[in-house]
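Just below is one structure, and these are the notes that go with it.
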Amino acid sequence: MKKLIALALAAGFSLAANAANETYVIDNTHSFSRFEYSHFGYSNQLSRFDSTSGKIQIDRAAKTGSVDVTIDAKSVSTGSQVFNGHIQGEDFLDTAKFPTITYKSTKFNFNGDKLASVEGNLTIKGVTKPVKLEVTSFQCMAHPILKKDACGANAVATIKRSEFNAGKYAPYVADELSLTFAIESIKE
């Protein structure tokens, strides 16, 4: 009987320890924000930003959390230095005036124990719009190399660039952008 009580207490302490709000710092070397669009119908162009930073807080037991992400808009990588400059220009990201893109969550949505989506506000060129990210994968576990807890996720959304004052050449160059976020984070 004493062993049963001890096991129950240990399980209770273990659950209480897991119920805490945990903070994770985004690993910039393994996190990338990408965008894809149709270029005159010829092909889908895929580009990324090389610098994504921020913090994620999550309480998996309470099924709550928050994310605060900053993307360095000047780190856009299209595969061409000339085109990188074009995307950074006034007609698109205008990185001279708006050097960052941000996403701040307002709500985490779970399906069982898995994070299913994140609702929040995306800011591009000083324009803020609500954007829901659909989480396509989510995993938390001990990092095998760093020996610290880590969480990672992939999330997708679709936006209209014209809603962020970046709609030049639409509809020939698609107004809709597919956004993909591949995020890995390490517990503080």
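The values are calculated or read from the model by the stated rules, or taken from the named source; none is laboratory data. Keep in mind that this is a model prediction, so the values were computed, not measured. Cβ coordinates were reconstructed from backbone atoms using ideal geometry, including for glycine residues, and neighbour counts include every protein chain displayed.
Among the residues of region 75-93, the ones that are assigned to a loop (DSSP other than H, G, I, E, B) and either closer than 17 Å to L177 by Cα or of a type in the set (F, W, Y) (or both) come to 4 in all. Screening Y24, Y103 for residues that are touching a Cys at 6+ places or on another chain (Cβ under 7 Å) and at pLDDT 95 or above leaves exactly one candidate, Y24.
On the stretch given as region 33-48, residues that are in contact with a Phe, Trp or Tyr (Cβ under 7 Å, 6 or more places away or on another chain) and among the aromatic types (F, W, Y) total 1. Looking at region 60-78, is at least one residue surrounded by 15 or more Cβ atoms within 10 Å (Cβ to Cβ), under 19 Å from the mean Cα position of the chain (by Cα) and modelled with pLDDT under 95? Yes - at least one qualifying residue is present in region 60-78. Of A182, A153, A174, A157, all but one fail to be among the aliphatic types (A, V, I, L, M), under 15 Å from G65 (Cα atoms) and either modelled with pLDDT of 95 or more or crowded, with 17+ Cβ neighbours inside 10 Å (or both); the exception is A153. Within region 116-128, residues that are within 20 Å of T100 (Cα to Cα) reach partners that are buried (at least 17 other Cβ atoms within 10 Å of the Cβ) and of a type in the set (D, E) with beta carbons closer than 8 Å, at six or more positions or on different chains, in the pairs K125/D94. Within region 140-150, the presence of a residue that is within 16 Å of the chain's Cα centre (by Cα), part of a strand (DSSP E or B), at pLDDT 95 or above and under 15 Å from F181 (Cβ atoms) is excluded. For region 25-49, the set of residues classified as over 13 Å from the mean Cα position of the chain (by Cα) and either surrounded by 15 or more Cβ atoms within 10 Å (Cβ to Cβ) or not β-branched (V, I, T) (or both) consists of E36, Y37, S38, H39, F40, G41, Y42, S43, N44, Q45, L46, S47, listed by residue number. Just one of the listed residues (K97, K104, K74, K63) is in contact with an Asp or Glu (Cβ under 6 Å, 6 or more places away or on another chain) and either in contact (Cβ under 8 Å) with a residue 40 or more places away in the chain or charged (D, E, K, R) (or both), and it is K104. Across region 106-130, the number of residues qualifying as among the hydrophobic types (A, V, I, L, M, F, W, C) and either in a loop (DSSP other than H, G, I, E, B) or over 18 Å from K55 (Cα atoms) (or both) comes to 4.
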